[in-house]
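Undergrad: Below are the C-alpha cells for one structure; questions will follow.
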C-alpha cells in the first residue's frame, strides 16, 4: 500500500513563497518533488555557418559579438549556447547577412 502525504496549503502569500522556494531548492538539488517543470528548447544555431556566411574570422566575429574567441569556439563546437543580445545578433546575421556586412563595413 502506498500512502501519499498531502502538502499543507499555504495560509498567505508569504507562506506560499517560502514553500515554493523550498520546492525549487529541493528540485535544484535533484530531490524528487512534485513540481511542474517547463522547458523551452531553443533551436540550435549553427554559429560557425553563420560566421562563414558573413565572411569573418573567429577573432573579428568574436569582437563584433562582444565575446571572447574562446567563448565563440565553444559556441561553434556546441559546448555552450549564446544568449541575450549575442543570440539576437546571430539570428539577424543568419537571416540578413548582407545587411550585417554592410553595417559592419560602414562602422568598422
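The values are calculated or read from the model by the stated rules, or taken from the named source; none is laboratory data. This is a predicted model, so every value here is computed, not measured. Using ideal geometry, Cβ is built from the backbone for each residue, glycine included, and neighbour counts are taken over all protein chains shown.
Undergrad: Among (1) more than 19 Å from residue 103 (Cβ to Cβ); (2) surrounded by 11 or more Cβ atoms within 10 Å (Cβ to Cβ); (3) without any contact (Cβ under 8 Å) to a residue 12 or more places away in the chain, there is one condition residue 73 misses while meeting the rest; what is its number?
TA: That leaves (3) as the condition not met.
Undergrad: Between residues in segment 22-35 that are free of Cβ contacts under 8 Å to residues at least 12 places away in the same chain and residues that are assigned to a loop (DSSP other than H, G, I, E, B) and surrounded by 10 or more Cβ atoms within 10 Å (Cβ to Cβ), which pairs lie under 6 Å by C-beta distance while being six or more apart or on different chains?
TA: 26/33; 27/33; 27/35
Undergrad: So, one more: Being at pLDDT 90 or above and not in a loop (DSSP other than H, G, I, E, B) is the filter here; which residues of segment 66-84 pass it?
TA: Result: 69, 70, 71, 72, 73, 74, 75, 76.
Undergrad: So in segment 85-108, with the set limited to residues that are exposed (fewer than 11 other Cβ atoms within 10 Å of the Cβ) and over 25 Å from the mean Cα position of the chain (by Cα), which one is modelled with the lowest pLDDT? Walk me through how you get there before you give the answer.
TA: Taking segment 85-108 as the starting set, the residues that turn out to be exposed (fewer than 11 other Cβ atoms within 10 Å of the Cβ) are 85, 95, 98, 105-108.
Subset that is over 25 Å from the mean Cα position of the chain (by Cα): 98, 105-108.
Numbers: 98: 87, 105: 78, 106: 68, 107: 53, 108: 49.
Only one residue tops the list, namely 108.
So that you can scan it fast, the table gives a plain yes or no per residue for (1) out of contact with any strand residue (DSSP E or B) (no Cβ under 8 Å at 6 or more places or on another chain); (2) assigned to a loop (DSSP other than H, G, I, E, B); (3) modelled with pLDDT under 90; (4) exposed (fewer than 12 other Cβ atoms within 10 Å of the Cβ):
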site: 21; (1), (2), (3), (4): yes, no, yes, yes
site: 27; (1), (2), (3), (4): yes, no, yes, no
site: 43; (1), (2), (3), (4): yes, yes, yes, yes
site: 48; (1), (2), (3), (4): yes, no, no, no
site: 52; (1), (2), (3), (4): yes, no, no, no
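Undergrad: When you go through 57, 38 one by one, which is the residue that is modelled with pLDDT of 90 or more and loosely packed, with under 12 Cβ neighbours inside 10 Å?
TA: Working: 38 fails: modelled with pLDDT of 90 or more.
Result: 57 is the single residue among 57, 38 that is modelled with pLDDT of 90 or more and loosely packed, with under 12 Cβ neighbours inside 10 Å.
Yes/no matrix, rows are residues, columns are (1) more than 20 Å from residue 105 (Cβ to Cβ); (2) touching a helix residue (DSSP H, G or I) at 6+ places or on another chain (Cβ under 9 Å):
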residue: 37; (1), (2): yes, yes
residue: 52; (1), (2): no, no
residue: 60; (1), (2): no, yes
residue: 70; (1), (2): yes, yes
